[in-house]
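Colleague: Pasting in a structure now, in structure tokens, and then I'll have a few things to ask.
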Amino acid sequence: ILTDSICVPGFDPSLSMMTGITPINPMIPGMGLVPPPPPTDVPVVKEIIHCKSCTLFPPNPNLPPPSTRERPPGCKTVFVGGLPENATEEIIQEVFEQCGDITAIRKSKKNFCHIRFAEEFMVDKAIYLSGYRMRLGSSTDKKDSGRLHVDFAQARDDFYEWECKQRMLAREERHRRKMEEDRLRPPSPPAIMHYSEHEAALLAEKLKDDSKFSEAITVLLTWIERGEVNRRSANQFYSMVQSANSHVRRLMNEKAAHEQEMEQAKESFKNALTGILTQFEQIVAVFNASTRQKAWDHFSKAQRKNIDIWRKHSEELRNAHSEQLMGIRREEEMEMSDDDSGDNPSKKLRVDDSALAAQAYALKEENDSLRWQLDAYRNEVELLKQEKGQLFRTEESLTKDQQLQFLQQTMQGMQQQLLSIQEELNNKKSELEQAKEEQTHTQAMLKVLQEQLKSAKELAEINGHDESQANEINVLTVALVNQDREKNSEKRSPGLKSEKEALLIGIISTFLHVHPFGANIEYLWSYMQQLDSRISANEIEMLLMRLPRMFKQEFTGVGATLEKRWKFCAFEGIKTI
């Protein structure tokens, strides 16, 4: 039915699971089991299939391919529907046995059956026959023809076999991992012989040999941990322990030799790094000389670009090497300082007080920062010596003097600011006390005036005076109160504090002079906002209240239309002074 590339004899689908590779669907294109699919715009052409008892006619190539359900895991069973009514199991087996070995056929009376194959890839070959029209012999009877529909079927036997294969694969994977772990596991240590006098004598000889000391000391440790030391063998073990102790001096000498080699290597590395840094400085000096106008004008544009790139690269390398050399010197000085602090026994005392510990930590941090600054200044001085070839005065003392002067100036400014704030605070306190005294004085006068008014009303009623006389008394009382307020305000209002207040008073006076009927504070504040956006309405009102002989406040309207307005009255107030 199908091409040889699909019907591969002896194909074992379990080979992929045994090797740990994902199972391959034989119908996937490009895997070698089926030819690559033709382009989507070219329909697949199927041919007529002739059998002994029937003939299979292909479907219309222009129709879409028949739909199938999702393939169950381990599927070996297919559903075949649309069979002719007169089709028998022999005819079905004759048609589908070309797809592979059939293990079972379960036929129903309703023109469908289930076919179970031996392997999974045979199901894909059977799915290929979906859509074919089956005709028995040469008969044209309706019962002898039918359109086949082949689809995946879900069978418990297939799923059980698939689970068995998965468990087998998991067992093989666990076995493979175990074998890999056993192969990578480090070998067991060699067996330690049991203690005997003969073995102890041999071990004592090995302990004296430098090349066999590591192996012998392990055996000695094992014997001691096993409890082989007793009264009889104590002397022998003591001699072996003494032999082990004799290697301490040798190990210390070896350590000192290695440390000396390390110091020599560090010194040679530092010298080499210094030479490299010197050469880098010379290269950077060459580039800097090339970028000067005398030589720079004679280079072409491309040459200038290359020289600029090389110069930047050389400067980056020089700075990196300089930082590395500074780090080496800083480490050496820190080691020297640690050694000095270790030699001084007085610095080893511990202070339990937390305040002293915090102060010591802060001093240590400051000492480290000063040391690093000193290293930076020292390296800068050395670089200047190498470049110029002559000694220059370091700028460290000048920088410290400038910093000291700056700190002194800052401190003086802060002291002056503190004094001015204290002075302002004292002034505010005195003003507040005066205001309280004036308030109490005003309240006392108000009470006196109220009593006088009350007595004057009683006298007026007794003497039969009319209401006009009472009004005149009220007006007189209000005038006395206003006069008293003006006097208090004259005593309380100080002079102008700044040029800004004088400027504000001039602008407000001009504004109110052109508004003879006065203006409310919101209108005045909106006008001042156009000149200075930082000024507030409260600030303007306080300024107006401080000058009662220049500006006066009047109320206009009645009830809900009551409005408070300010007027310019300096021309009237100057006559009363």
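Residue-wise test of (1) among the aromatic types (Phe, Trp, Tyr); (2) over 30 Å from GLY81 (Cα atoms).
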| position | (1), (2) |
| --- | --- |
| TYR128 | yes, no |
| ARG135 | no, no |
| ASP141 | no, no |
| ARG156 | no, no |
| PHE159 | yes, no |
| TRP162 | yes, no |
| ARG171 | no, yes |
| HIS175 | no, yes |
| ALA200 | no, yes |
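Colleague: Quickly run through region 207-233 and pick out the residues that are aromatic (Phe, Trp, Tyr) and over 55 Å from the mean Cα position of the chain (by Cα).
Modeller: TRP223
Colleague: If I ask for residues that are without any contact (Cβ under 8 Å) to a residue 24 or more places away in the chain and open to solvent by 90 Å² or more (accessible area, probe 1.4 Å), which ones from region 90-110 would you list?
Modeller: GLU97, ASP101, ARG106, LYS109, LYS110
Colleague: Inspect region 100-115 for any residue being in the same structural domain as HIS149 (by the TED database), at negative phi, assigned to a loop (DSSP other than H, G, I, E, B) and hydrophobic (A, V, I, L, M, F, W, C) and give the result as yes or no.
Modeller: no
Colleague: Being open to solvent by 10 Å² or more (accessible area, probe 1.4 Å), in contact with an Asp or Glu (Cβ under 7 Å, 6 or more places away or on another chain) and part of a strand (DSSP E or B) is the filter here; which residues of region 116-144 pass it?
Modeller: ARG135, LEU136, listed by residue number.
Colleague: Can I ask one more? Six or more apart or on different chains, Cβ atoms under 7 Å: show the pairs whose first residue is in region 212-228 and on the phi > 0 side of the Ramachandran plot and whose second is surrounded by 13 or more Cβ atoms within 10 Å (Cβ to Cβ).
Modeller: Hits for this filter: zero, empty list.
Colleague: Here is a further query. Report, by residue number, each residue of region 231-246 that is out of contact with any Leu (no Cβ under 8 Å at 6 or more places or on another chain), more than 16 Å from GLU199 (Cα to Cα) and open to solvent by less than 90 Å² (accessible area, probe 1.4 Å).
Modeller: The answer is SER246, and nothing else.
Colleague: Within the bounds of region 365-381, is there any residue that is at pLDDT below 70 and either open to solvent by 100 Å² or more (accessible area, probe 1.4 Å) or assigned to a helix (DSSP H, G or I) (or both)?
Modeller: At the first step, the residues of region 365-381 found to be at pLDDT below 70 are none.
Looking for residues that are at pLDDT below 70 and either open to solvent by 100 Å² or more (accessible area, probe 1.4 Å) or assigned to a helix (DSSP H, G or I) (or both), one finds none in region 365-381, hence no.
Colleague: Within region 132-141, can one find any residue that is touching a helix residue (DSSP H, G or I) at 6+ places or on another chain (Cβ under 6 Å), modelled with pLDDT of 90 or more and either within 30 Å of GLU47 (Cα to Cα) or of a type in the set (Gly, Ala, Ser) (or both)?
Modeller: no
Colleague: Identify, from the list ARG226, ARG147, ARG185, ARG156, the residue that is open to solvent by 100 Å² or more (accessible area, probe 1.4 Å) and touching a strand residue (DSSP E or B) at 6+ places or on another chain (Cβ under 8 Å).
Modeller: ARG147
Colleague: Count, please, the residues in region 401-431 that happen to be open to solvent by less than 100 Å² (accessible area, probe 1.4 Å) and not hydroxyl-bearing (Ser, Thr, Tyr).
Modeller: At the first step, the residues of region 401-431 found to be open to solvent by less than 100 Å² (accessible area, probe 1.4 Å) are 401, 404, 408, 410, 413, 418, 420-422, 425-427, 430-431.
This time we only want the ones that are not hydroxyl-bearing (Ser, Thr, Tyr), so: 401, 404, 408, 413, 418, 421-422, 425-427, 431.
Result for region 401-431: 11.
Colleague: Same structure, new question: Can you tell me which residues in region 208-223 are among the hydroxyl-bearing types (Ser, Thr, Tyr) and open to solvent by 80 Å² or more (accessible area, probe 1.4 Å)? I'd like the intermediate steps shown before the answer.
Modeller: Of region 208-223, the ones among the hydroxyl-bearing types (Ser, Thr, Tyr) are 211, 214, 218, 222.
Within region 208-223, SER211, SER214 meet the criteria.
Colleague: Looking for something within 26 Å of ASN230 (Cβ to Cβ) and touching an Asp or Glu at 6+ places or on another chain (Cβ under 6 Å) - is there at least one such residue anywhere in region 183-195?
Modeller: yes
Colleague: I'd like the full set of residues that are surrounded by fewer than 17 Cβ atoms within 10 Å (Cβ to Cβ) and either in a strand (DSSP E or B) or among the charged types (D, E, K, R) (or both), limited to region 547-566. I'd like the intermediate steps shown before the answer.
Modeller: Going through region 547-566, the residues surrounded by fewer than 17 Cβ atoms within 10 Å (Cβ to Cβ) turn out to be 549, 553-564.
Result: ARG549, GLN553, GLU554, PHE555, THR556, GLU563, LYS564.
Colleague: Right, here's the next one. Are any residues in region 309-328 under 20 Å from ASN271 (Cα atoms) and among the basic types (Lys, Arg), and if so, which ones?
Modeller: Hit for region 309-328 is ARG318, nothing else.
Colleague: What are the residues in region 506-544 that are open to solvent by 50 Å² or more (accessible area, probe 1.4 Å), among the β-branched types (Val, Ile, Thr) and more than 23 Å from GLY557 (Cβ to Cβ), if any?
Modeller: THR510
Colleague: What pairs come up if the first residue lies in region 320-337 and is over 14 Å from ARG371 (Cα atoms), the second is among the β-branched types (Val, Ile, Thr) and open to solvent by less than 60 Å² (accessible area, probe 1.4 Å), and their beta carbons are under 9 Å apart, counting only those six or more places apart or on different chains?
Modeller: Between residues of region 320-337 that are over 14 Å from ARG371 (Cα atoms) and residues that are among the β-branched types (Val, Ile, Thr) and open to solvent by less than 60 Å² (accessible area, probe 1.4 Å), the close pairs are LEU325/THR274.
Colleague: Of all residues being among the acidic types (Asp, Glu) and open to solvent by 70 Å² or more (accessible area, probe 1.4 Å) in region 293-317, which is nearest to LEU277 (Cα to Cα)? Just the residue, please.
Modeller: Restricting to residues being among the acidic types (Asp, Glu) and open to solvent by 70 Å² or more (accessible area, probe 1.4 Å), the top hit is GLU316.
The values are calculated or read from the model by the stated rules, or taken from the named source; none is laboratory data. Since the model is a prediction, treat every value here as computed from it, not as a measurement. Every residue, glycine among them, receives a Cβ derived from its backbone with ideal geometry; neighbour counts consider all protein chains shown. We work out accessible area using only protein heavy atoms, side chains counted, and drop any ligands, DNA or RNA first. Shrake-Rupley method; radii C 1.70, N 1.55, O 1.52, S 1.80 Å.
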